[in-house]
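Following: one structure in structure tokens, then a few remarks.
The values are calculated or read from the model by the stated rules, or taken from the named source; none is laboratory data. Model, not experiment: these values are computed from the prediction. Please note: Cβ atoms are built from the backbone with ideal geometry, for glycine as well, and neighbour counts cover all protein chains shown. Just so you know, the surface numbers come from the protein's heavy atoms only, side chains and all, with ligands and any DNA or RNA stripped out. Shrake-Rupley method; radii C 1.70, N 1.55, O 1.52, S 1.80 Å.
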Amino acid sequence: MSVMERRRVSARRESLLGDEPGAFASARFVRISPMKARRVVDMVRGQGVDDALALLRFAPQAASETVYKVLESAVANAETTEGLDRNTLVVSKARVDEGPTMKRWRPRAQGRASRINKRTSHITLVVQPRVEAGADTGTTKKKGRKA
């Protein structure tokens, strides 16, 4: 492949999607703990985009608002840059990584101080077209032996 034919692809896209169609979006340094954000992200992983957005809109967790915005951004990226149809998109990968922790000090009794950790998160969502159920995945089922 010559240099002129090669399309410039970012390393992040290469690691998240490879050569497959799809798009991703991320929010970095979000001021919510990763454990709380993972609870919300686990709810939407593997779901259709419209179902996931409806679920996030009415979820009571504080992280659901941020995850909703990231998912909307990923869908917009898929529609504009990749030309994919919104109705076929599925949240294929969703991850929450830990960002830097801000350390603060809180006064306590008898002149002591205790540390308060204010945690941050990096939220990344990947949307891809739904894989058809009738498509052959290349694996064949082997017949079991009778014992």
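Has region 114-126 got any residue that is assigned to a helix (DSSP H, G or I), among the hydroxyl-bearing types (S, T, Y) and surrounded by fewer than 17 Cβ atoms within 10 Å (Cβ to Cβ)? No; the residues of region 114-126 include none that is assigned to a helix (DSSP H, G or I), among the hydroxyl-bearing types (S, T, Y) and surrounded by fewer than 17 Cβ atoms within 10 Å (Cβ to Cβ).
All conditions in (1) open to solvent by 70 Å² or more (accessible area, probe 1.4 Å); (2) of a type outside the set (S, T, N, Q); (3) free of Cβ contacts under 8 Å to residues at least 40 places away in the same chain; (4) in a helix (DSSP H, G or I) hold for P60, with the sole exception of (4). How many residues are modelled with pLDDT of 65 or more, charged (D, E, K, R), out of contact with any helix residue (DSSP H, G or I) (no Cβ under 7 Å at 6 or more places or on another chain) and under 30 Å from D50 (Cα atoms) if we restrict to region 107-147? Number of matching residues: 1. Among the criteria (1) in contact with a strand residue (DSSP E or B) (Cβ under 6 Å, 6 or more places away or on another chain); (2) more than 23 Å from V131 (Cβ to Cβ); (3) surrounded by 15 or more Cβ atoms within 10 Å (Cβ to Cβ), the one N77 does not fulfil is (2). Here F29 meets each of (1) closer than 16 Å to R95 by Cα; (2) open to solvent by less than 100 Å² (accessible area, probe 1.4 Å); (3) over 14 Å from the mean Cα position of the chain (by Cα) with one exception, condition (2).
Can you pull out the residues in region 66-84 that are out of contact with any helix residue (DSSP H, G or I) (no Cβ under 8 Å at 6 or more places or on another chain) and either part of a helix (DSSP H, G or I) or of a type outside the set (S, T, N, Q) (or both)?
Matches in region 66-84: K69, V70, S73, A74, A76, N77, T80, E82, G83.
Condition first: among the polar types (S, T, N, Q) and free of Cβ contacts under 8 Å to residues at least 24 places away in the same chain. Can you find one or more residues in region 16-30 that meet it? No, every residue in region 16-30 fails to be among the polar types (S, T, N, Q) and free of Cβ contacts under 8 Å to residues at least 24 places away in the same chain. Within region 73-106, how many residues are farther than 19 Å from F29 by Cβ, at pLDDT 95 or above and among the charged types (D, E, K, R)? Here the count works out to 1.
Suppose the filter is surrounded by 12 or more Cβ atoms within 10 Å (Cβ to Cβ), of a type in the set (V, I, T), in contact with a His (Cβ under 8 Å, 6 or more places away or on another chain) and not in a helix (DSSP H, G or I); does V96 pass it?
Criteria met by V96.
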